[in-house]
Amino acid sequence: TFDTLHKIIPYDRIGCALISDDQEKVTAHWTKTNYQEQTRIKKGYTSLLVGSSLEEILKTQQPRIINDLPQYLIAHPNSSATQLIVSEGIQSSLTCPLIADGKPIGFLFFSSKEKNTYMDAHQAIFTSIARQISVLVEKSRLYQQIYDINHQLIVALEQLKEQSSRDALTGIFHRGAIMEFLKNTMEQGARKKQPIAVILADIDYFKHINDTYGHIMGDTVLKEVSKKLTSLLRSYDCVGRYGGEEFLIILGETNTTETLLITERIRQAISELKFEQNDNIFSLTM
């Protein structure tokens, strides 16, 4: 847009602002200049449409020419957008409404660092191509909205997939998910010709814990052990609940020596956990 329109309308700067769905605000969406100075009106800059001079432009649906912006600012000192644009060195402006299928969608702002840049001919030129540009902008906006919604759906589906693979009590992978992880890790290890390790670990005398301290404490033990196991593993390892008090731990690209070291570290860490109920403190082994 910037490069093509330059052949028929003079400008040093183009800005595009879009109108909110409630038709109450205008937000800067895109700006491009052919000068080095920093733009003062950046993407996200928002102003009220209701009661503004832009609202008047929408009523006429005709481009507006201001060929002496500093003088216009003297007459309209409360116009913060004009203050910002003049501070960039802009002297003239051609503000063009974008109307798609009868609906106002935004504005294109052509700006020049010279006074008296724009003429009636420039208004007529833009009017003749306004519909095509408006439809293009609206389609782009709708495409962006579809893209954003699609991205949100993908994220939501990934979250649902993640949640569906977790054990409800402990939060680690359930049996089906950990077995799938094992399958994938074995295939990857075969391709890379790298060893993998599989550890099947269970809490000793778990039935005694349930019988002595109750099932609520038993659940607490399972959750705390799961949390500890997760904290001891590397980012590419995985742990899942294989059965009641059984856990399956998958270590990728791990040889025998490393596996024994990790296993001993797990055994030691679990034995250091402390649980308390009614002034009774107990520990456990795995």
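At q = 0.07, 0.08, 0.11 Å⁻¹, what is the log10 ratio I(q)/I(0) for the chain, with the Debye formula run over Cα points and no solvent?
-0.56, -0.62, -0.69
Give me the dipole magnitude in Debye, nearest 20, for the range 28-83 about the Cα centre, with unit charges on the beta carbon: positive for Lys and Arg, negative for Asp and Glu.
The calculated dipole for the range 28-83 is roughly 220 debye.
Percent relative contact order of the range 1-67, based on C-alpha pairs within less than 8 angstrom and at least six residues apart?
24 percent
Is the shape of the range 82-145 best called rounded, prolate or oblate, per the rule: a/c under 1.5 gives rounded, else a/b larger than b/c gives prolate, else oblate, with a ≥ b ≥ c the square roots of the Cα gyration tensor eigenvalues?
oblate
Where is the GNM fluctuation largest for the chain (alpha-carbon springs, 10 angstrom cutoff): 151, 208, 174?
Looking only at 151, 208, 174, the biggest GNM fluctuation is shown by 208.
Out of the total accessible area of the range 166-286 (probe 1.4 Å, heavy atoms of protein only), what percent is carbon and sulfur?
Of all accessible area on the range 166-286, carbon and sulfur atoms account for 52 percent.
Roughly speaking, to the nearest percent, how much of the range 20-128's 1.4 Å accessible area is carbon and sulfur?
Using a 1.4 Å probe with all protein chains present, the range 20-128 comes out at 51 percent carbon and sulfur.
Under the rule a/c < 1.5 gives rounded, and otherwise a/b versus b/c splits prolate from oblate, where does the range 142-286 land using the Cα gyration tensor?
Here the range 142-286 falls in the oblate category.
So, how do all the Cα-to-Cα distances of the range 163-214 break down into 5 Å bins, in percent, from 0 on up?
Result, from short to long distances: 4, 16, 15, 17, 17, 13, 8, 4, 3, 1 percent.
Let me have the 222 nm mean residue ellipticity of the chain computed from DSSP H runs of 4+ only, each contributing -39500 (n - 2.57), with the sum over all residues rounded to the nearest 500.
-15000 deg cm²/dmol
Measure out, as a whole number of angstrom, how far apart the alpha-carbon centroids of the range 35-54 and the range 137-154 sit.
Taking the Cα centre of each part, the range 35-54 and the range 137-154 sit 23 Å apart.
In percent, how large is the relative contact order of the chain, given Cα pairs closer than 8 Å and 6 or more residues apart?
Answer for the chain is 13 percent.
Restricting to Cα pairs below 8 Å that are 6+ residues apart, what does the relative contact order work out to for the range 139-228? Please round to a whole percent.
Relative contact order of the range 139-228: 26 percent.
Could you pull out every residue, at least 5 positions away or on a different chain, whose amide H is within less than 5 Å of the one on residue 49? Hs are placed 1.01 Å off N in the peptide plane, and Pro or chain starts have none.
25, 26
Per residue, how many Å² of accessible area does the range 45-127 show with a 1.4 Å probe?
For the range 45-127, the solvent-accessible area averages 48 Å² per residue.
Non-local amide H neighbours of residue 91 (under 5 Å, H modeled in plane, Pro and chain starts lacking H): which ones?
Placed amide hydrogens put 112, 113, 114 under 5 Å from residue 91.
For the charge dipole of the range 80-189, defined by +1 on Lys and Arg C-beta atoms and -1 on Asp and Glu C-beta atoms about the Cα centroid, which residue among 155, 137, 170 has the Cα displaced farthest towards the positive pole?
Final value for the positive-end residue is 137.
Quick check on the range 52-190: take the gyration tensor over C-alpha atoms, sort the square-rooted eigenvalues as a ≥ b ≥ c, and tell me if it's rounded (a/c under 1.5), prolate or oblate.
prolate
Please list 3J(HN,Hα) in residue order for the range 165-170, calculated via the Karplus relation 6.51 cos²θ - 1.76 cosθ + 1.60 where θ = phi - 60°; whole Hz, with x for glycine and proline.
Each residue's phi maps through the Karplus curve to give 9, 9, 5, 4, 7, 9 Hz.
To the nearest 20 Debye, how big is the dipole of the range 1-63 about its Cα centre, given +1 on the beta carbon of each Lys and Arg and -1 on that of each Asp and Glu?
In total the dipole reaches around 240 debye.
Where only protein heavy atoms count, and the probe is 1.4 Å, what is the accessible area per residue for the range 206-250 in Å²?
49 Å²
Might you tell me the accessible area per residue for the range 145-189, computed with a 1.4 Å probe and given in Å²?
On a per-residue basis, 73 Å².
The values are calculated or read from the model by the stated rules, or taken from the named source; none is laboratory data. The structure displayed is predicted, hence computed values, not measured ones. Heads up, the Cβs are rebuilt from the backbone with ideal geometry, glycines too, and the neighbour counts pull from every protein chain shown. Just so you know, the surface numbers come from the protein's heavy atoms only, side chains and all, with ligands and any DNA or RNA stripped out. Shrake-Rupley method; radii C 1.70, N 1.55, O 1.52, S 1.80 Å.
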